[in-house]
Every structure is written in C-alpha cells, then in structure tokens.
Amino acid sequence: MFSPQEISEKFIDIGKGKADLCLHKALLLALLAGMYIALAAVGANTGSSMIENPSLAKIVSSMIFPAGLAMVVLAGSELFTGDCLMIISAGEGAISWKKMLRCWALVYIGNFVGSVLVAFLMTQAHQYSLFGNGVALVTMKTAVAKVSLAPLSALILGVFCNFLVCVAVWIAAGGNSVTEKLASVYLPIFLFVVCGFEHSVANMYYIPAGIFAGANVTWGEFFLNMLPVFLGNVTGGAAFVGASYLYAYRHLLKEDYQI
C-alpha cells in the first residue's frame, strides 16, 4: 500500500488525467459508472426483496451494493462522487477550477443518463416482477422513503455518504493489487449503505426505478431530492476529504504544479 502522502501526490496526477478527458470520453466513462452503480442498486434491491426481516434485508443490500464502486474502481470509469477528490489537483494548481467544474458537470450528466437507462431497461425486462413482484415493492418503498426526506436530512446524509465514498476511493488508490483495492472499497461502502446515507448517483437509479415501478412519486420530487443530496455529496467529498488531505500533505508534496 502507498502511504497517505504518496496517495495525495497520486491524486494530483489523477485529477489532471480526468480534467484532460475530451467531452465524448468523459461522457462515455461517466455513463458506464452510472450503469455500474445502478446495477449494484438493482442487486441490492433484489437481494433485500428475498428477506422478510427488514433488518436482515438491510444487511444483505449493504453487502451487495459495494459491487458498484468496485466496478468503477477496477474497470475504470468516471463517478461524480469520487471525482470530488479532483479538488486536490485543483487546489495544488495542477488544473484550473474551470476544468474541474467542467469535468464534474459532464460526469454528473453521464452518470444520470447511465443510471436512468438501467432503471428504464429493468422495467422493460420486467425485472421488478421477480419474487412475486417483491422487487417492485422494495423499489417503490425505497423511492418513497428517499423523496420523503426533509432537505436538511438529505443534505447531512449526503455529506456523510460521500465522506465515506471518497475515503474508499482514497484508500483504493493506495492499493497495488485487486485484493487490496476490493478490501479498501468494501467496508466504507457497506457502512454508508447500512447507515442509510444518501448517494446522488445511486438515487439517480433508486428514485426513477421507483417511478417506473409505479410508486406515487413525481419527477419533481426526484429533482427536489437531488439538490440537497448533491450539495451534501460535494461537501462531504470535496471539503471534508479532499481539501482536508490537501491541507494535511501539501507542504510535503514533491513538486509545485503550474497550470
């Protein structure tokens, strides 16, 4: 494993690579990441629908969902929540703030398209009808619960969600082997799911899937949920993790970067 200082230096170059992606590559890699997270959510809902005990069902879904970030990290794609760590590269001067925000916007759009696409295709495949429509019931309940959150609750849950996601991405960047990277990803993501924290990209699947399955949820409610979760994710990932590590290790970095 790399040391925290070495990981900090590594993220400067990672951010530069992300910022230099051309538009169509950024959108394509973001679409893939949205699909990876959405498919993990499909699996989480499907797994929990098999179990009547709600506490045990939550544990099962929490065990399945980390597959999403594992695919993002190992297969290579662009996930908005993880890309909040680009603030390290921007803060060090390796990329401009404008380039960082451009990348965030493109990745967010691509994640949205990929997630909603999976939700729609699962509807067309009648995947929600599995286990006597048990998957549909879990999918609808999940969507209703998410849009019922008060804005402040959604904001705070979003902060702690991406705090853990970015910690997972940070640790995974320090791994040299597939085993190290998988172990790095698994526990923080398990923790955020079992705690019920809010992930903006996961919600791009969970809420539209609930709408497609027949939940009494509107697209307006979906977008109202997305705003505080988005702001919380940016705060938790960029400020609490990215900016903190930049401040902690900036004086130890080997080079000064110029845009």
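The values are calculated or read from the model by the stated rules, or taken from the named source; none is laboratory data. All figures in this text were calculated on a predicted structure; none of them were measured in a lab. All Cβ positions, glycine included, derive from the backbone under ideal geometry; neighbour counts span all protein chains shown. Side chains included, ligands, DNA and RNA excluded: accessible areas come from the protein's heavy atoms. Shrake-Rupley method; radii C 1.70, N 1.55, O 1.52, S 1.80 Å.
In the set (1) touching a Gly at 6+ places or on another chain (Cβ under 9 Å); (2) more than 19 Å from Ile211 (Cα to Cα); (3) at pLDDT 95 or above, Gly91 fails one condition alone, (3). Within segment 156-169, does at least one residue satisfy the condition of being under 13 Å from Thr81 (Cβ atoms), modelled with pLDDT of 95 or more and open to solvent by 60 Å² or more (accessible area, probe 1.4 Å)? Within segment 156-169 (the criterion being under 13 Å from Thr81 (Cβ atoms), modelled with pLDDT of 95 or more and open to solvent by 60 Å² or more (accessible area, probe 1.4 Å)), the answer is yes, since at least one residue qualifies. Among the residues making up segment 109-154, those that are in a helix (DSSP H, G or I), under 18 Å from Ser200 (Cα atoms) and polar (S, T, N, Q) are Asn111, Ser115, Thr139, Thr142, Ser153. Among all residues of segment 34-57, there is none that is over 23 Å from Phe197 (Cα atoms), among the hydroxyl-bearing types (Ser, Thr, Tyr) and open to solvent by less than 60 Å² (accessible area, probe 1.4 Å). Output the residues belonging to segment 107-120 that are of a type outside the set (Val, Ile, Thr) and either under 15 Å from the mean Cα position of the chain (by Cα) or open to solvent by 30 Å² or more (accessible area, probe 1.4 Å) (or both). Hits for segment 107-120 are Tyr108, Gly110, Asn111, Phe112, Gly114, Ser115, Leu117, Phe120.
Under the condition of being open to solvent by 20 Å² or more (accessible area, probe 1.4 Å) and acidic (Asp, Glu), the residues counted in segment 184-229 number 1. Just one of the listed residues (Ala90, Ala75) is in a helix (DSSP H, G or I) and buried (at least 18 other Cβ atoms within 10 Å of the Cβ), namely Ala90. Taken over segment 119-168, the criterion of being without any contact (Cβ under 8 Å) to a residue 60 or more places away in the chain, of a type in the set (A, V, I, L, M, F, W, C) and within 15 Å of Met226 (Cα to Cα) is satisfied by Ala145, Ala150.
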